[in-house]
Amino acid sequence: MNNFDFTQPGGFPLDQEVLGLLQDNTKLAANSALLGGEFFILTGCTVVGGNASNGVVVIGSEVLPFVGGVITAKVIIVETVTNLLFEDGANKGVEKIRYATFGDDGITNYLWASFERNVPTNALLKRVRLLEEHSHIWSDITGKPPGFITYVSGETLGDIAGQVLGGPDALFTIIIPDQGDTNYIVAGSLVGLQLDSTYDNDVSWVITSKTAASFKISVREYNAVIQNLRFEFAIIKTA
């Protein structure tokens, strides 16, 4: 950041150029407020009943004091211009005081509902650390969305014939991480591992006996040939 050394003796030459640089530095620092978004509350603006307290907000890239009051749907920026007497005897409107408050000027308005409350960086880091330090089984996690894939895996089944009382059926138990309940879908594919697929495709299969931590796949073959099959699947929670 640009700066001046104000420690030198002899009478510093303070002029408009110097003041302009100082103001530009202030604006540059304020641009960091964009990290929180276009509209958000830095401090204050505490809502009690139908009123909001004073505070500090960000609108665009500008940090502004917020003058609280009765909450309305919209927020405006109020600018008060004060004339200052210049050395040449002219009064010029160069002192501009700006703040945000509730209101509707019919020109430029911002929705109060768009202002998000700022979460300090250290608070966010604490939350991230908590996630990193703790692991939970699926049933302990709350607020899970339906349709979320919780587990992906596969199981080699090999040949089918002769695995159930010498008949054409085979029954395999697949172990999965505890889902908390049986509200899940097994989305699977039966994959033939042989080069000649005419052997591996003579089967049908169905999922059965679901529990929170396992399910079974029942496979029937239609021709007495040697298969080499693998079941690849994903578990999708439905509730």
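The values are calculated or read from the model by the stated rules, or taken from the named source; none is laboratory data. Here the structure is a predicted model, which is why all the values come from computation and not from measurement. We place every Cβ from the backbone using ideal geometry, glycine too, and count neighbours over all the protein chains shown. Accessible surface is based on the protein model in full, side chains and every heavy atom, while ligands, DNA and RNA are left aside. Shrake-Rupley method; radii C 1.70, N 1.55, O 1.52, S 1.80 Å.
Among the residues of region 165-218, those that are within 14 Å of THR150 (Cβ to Cβ) and of a type in the set (Phe, Trp, Tyr) comprise TYR184, PHE215. Once region 227-239 is narrowed to residues that are open to solvent by 40 Å² or more (accessible area, probe 1.4 Å) and outside any strand (DSSP E or B), the residue that is nearest to THR198 (Cα to Cα) is ASN228. Only strands (runs of 3 or more DSSP E) whose full extent lies in region 38-110 are considered here, and the ones with at least 3 residues that are under 30 Å from ASP15 (Cβ atoms) are 62-67, 74-85, 91-102.
Within region 90-109, the set of residues being open to solvent by 70 Å² or more (accessible area, probe 1.4 Å) and of a type in the set (A, V, I, L, M) comprises VAL94, ILE97, ILE107.
Listed here are the residues, each with its yes/no results for (1) open to solvent by 60 Å² or more (accessible area, probe 1.4 Å); (2) touching a Ser or Thr at 6+ places or on another chain (Cβ under 7 Å); (3) assigned to a loop (DSSP other than H, G, I, E, B); (4) at pLDDT 90 or above.
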| site | (1), (2), (3), (4) |
| --- | --- |
| THR156 | yes, no, no, yes |
| GLY167 | no, no, yes, no |
| THR173 | yes, yes, no, yes |
| THR182 | yes, yes, yes, yes |
| VAL186 | no, no, no, yes |
| SER189 | yes, no, no, yes |
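Confirm whether ALA224 is touching a Ser or Thr at 6+ places or on another chain (Cβ under 8 Å) and either open to solvent by less than 40 Å² (accessible area, probe 1.4 Å) or modelled with pLDDT under 95 (or both). So ALA224 does not fit the description; no.
So that you can scan it fast, the table gives a plain yes or no per residue for (1) without any contact (Cβ under 8 Å) to a residue 12 or more places away in the chain; (2) over 22 Å from THR46 (Cβ atoms):
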| residue | (1), (2) |
| --- | --- |
| PHE66 | no, no |
| ALA73 | no, no |
| THR82 | no, yes |
| LEU85 | yes, yes |
| ILE97 | no, yes |
| ALA100 | no, no |
| THR108 | no, yes |
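Condition check: surrounded by 14 or more Cβ atoms within 10 Å (Cβ to Cβ), among the small types (Gly, Ala, Ser) and at pLDDT below 95. Does GLY68 satisfy that? So GLY68 fits the description; yes. A count restricted to region 191-225 and to residues that are more than 23 Å from ASP178 (Cα to Cα), free of Cβ contacts under 8 Å to residues at least 60 places away in the same chain and in a strand (DSSP E or B) stands at 5.
Restricted to region 91-132, and to residues there that are modelled with pLDDT of 85 or more and among the aliphatic types (A, V, I, L, M), the residue that is farthest from PRO65 (Cα to Cα) is ILE107.
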